[in-house]
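Asker: Just passing along the structure, written as structure tokens.
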Amino acid sequence: MKIYGLQKMTLLDYPGHVACTIFLSGCDFRCPFCHNFDLASGKLEPVMEEEELLAFLEKRRGLLDGAAITGGEPCLSPGLPSLLQKIRSMGFSVKLDTNGFHPMRLKEIIEAGLVDYVAMDIKNSPGKYALTTGTAVHDPVSFLTPLNESISLLMQSSVDYEFRTTVVAQFHEEEDFHQIGQMIRGARRHFLQKFTDRDTVPFEGLSAPSDNSMRRYLDIMASYVDEAGLRGVD
């Protein structure tokens, strides 16, 4: 299996853990605000083979206690379950980032005990999902079926998890968060992440909401989930 990026240490990507972040390639979405668009589009060349990654982790035993697997969309990689098994067998805790559109792979991973924490994106309210993900959709209802299956799977499973939404001024407004709240009502936790523009973002002209807007959105989400939080807001 090929690895497309490795951040050797992070205190942010897997909260509560000293971890590395492993990047896999490919995604079924083309979100206009994506920070990893080259990974999502498959344009990047791999930086190492799986064997080199495992050798790195072997040397970091005792220094790192976790690994965050991200992308792109990791669930698109056929070798993901095998990679997770190898990482966990070395004693590392595993966090998986996912867009939620691969519920069968997610179920397989959870039931096999291959992941300790799942962070799943909720991109927007149902009516804006296709726009927000840069996806052409002919049947909006069936399009969101995998997402809703993954939401139910996480909320009914014993694995720890969070839902999260990257908030972009041009894509989100108050009503969207009422609808997102209804989608995940009763969830364990949901985080709002303030969009940050970078050179890697594919579309120009996007901006972050104000901190006051973020706090209003937080108040809305707090009425739907057990724990609501902000990221990227002072």
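The values are calculated or read from the model by the stated rules, or taken from the named source; none is laboratory data. Since the model is a prediction, treat every value here as computed from it, not as a measurement. When we count neighbours, we look across all protein chains shown, and the Cβ atoms used for this are built from the backbone with ideal geometry, even at glycine.
Asker: Sort out which residues of the range 147-191 are free of Cβ contacts under 8 Å to residues at least 40 places away in the same chain and under 29 Å from Ser207 (Cβ atoms), and write them in order of number.
Answerer: The answer is Gln170, Glu173, Ala187.
Asker: Filter the range 93-130 down to the residues that are touching a residue at least 40 places away in the same chain (Cβ under 8 Å), among the hydrophobic types (A, V, I, L, M, F, W, C) and in contact with a Lys or Arg (Cβ under 8 Å, 6 or more places away or on another chain) and list them by number. Walk me through how you get there before you give the answer.
Answerer: To start, the set of residues in the range 93-130 that are touching a residue at least 40 places away in the same chain (Cβ under 8 Å) comprises 93, 95, 98-103, 106-107, 110, 115-128.
Remaining after also requiring among the hydrophobic types (A, V, I, L, M, F, W, C): 101, 106, 110, 115, 118-120, 122.
Within the range 93-130, Val115, Val118, Ala119, Met120, Ile122 meet the criteria.
Asker: Let me ask another. Considering only the range 172-221, state which residues are closer than 27 Å to Ser41 by Cα and either surrounded by fewer than 17 Cβ atoms within 10 Å (Cβ to Cβ) or among the polar types (S, T, N, Q) (or both).
Answerer: Passing the criteria: Gln193, Thr196, Asp197, Arg198, Asp199, Thr200, Pro202, Phe203, Glu204, Gly205, Leu206, Ser207.
Asker: What helices (runs of 4 or more DSSP H) lie completely within the range 117-234 and have 2 or more residues being in contact with a helix residue (DSSP H, G or I) (Cβ under 7 Å, 6 or more places away or on another chain) and within 30 Å of Ile87 (Cβ to Cβ)?
Answerer: Those helices (runs of 4 or more DSSP H) span 145-156.
Asker: Okay, moving on. For the range 21-51, name all the residues that are over 19 Å from the mean Cα position of the chain (by Cα) and either in a loop (DSSP other than H, G, I, E, B) or hydrophobic (A, V, I, L, M, F, W, C) (or both).
Answerer: Passing the criteria: Lys43, Leu44, Glu45, Pro46, Val47, Met48.
Asker: Same structure, new question: When the residues of the range 11-20 are narrowed to those that are surrounded by 15 or more Cβ atoms within 10 Å (Cβ to Cβ) and either under 14 Å from the mean Cα position of the chain (by Cα) or at pLDDT below 95 (or both), which ends up nearest to Gln193 (Cα to Cα)?
Answerer: Here the answer is Asp13.
Asker: I'd like the full set of residues that are among the polar types (S, T, N, Q) and assigned to a loop (DSSP other than H, G, I, E, B), limited to the range 97-116. First the steps, then the outcome.
Answerer: Kept after step one, since they are among the polar types (S, T, N, Q), are these residues of the range 97-116: 98-99.
Within the range 97-116, Asn99 is the sole residue that qualifies.
Asker: Kindly check whether there is at least one residue in the range 68-76 that is modelled with pLDDT of 95 or more, more than 30 Å from Leu192 (Cβ to Cβ), in contact with a strand residue (DSSP E or B) (Cβ under 7 Å, 6 or more places away or on another chain) and part of a helix (DSSP H, G or I).
Answerer: No, there is no match, as no residue in the range 68-76 is modelled with pLDDT of 95 or more, more than 30 Å from Leu192 (Cβ to Cβ), in contact with a strand residue (DSSP E or B) (Cβ under 7 Å, 6 or more places away or on another chain) and part of a helix (DSSP H, G or I).
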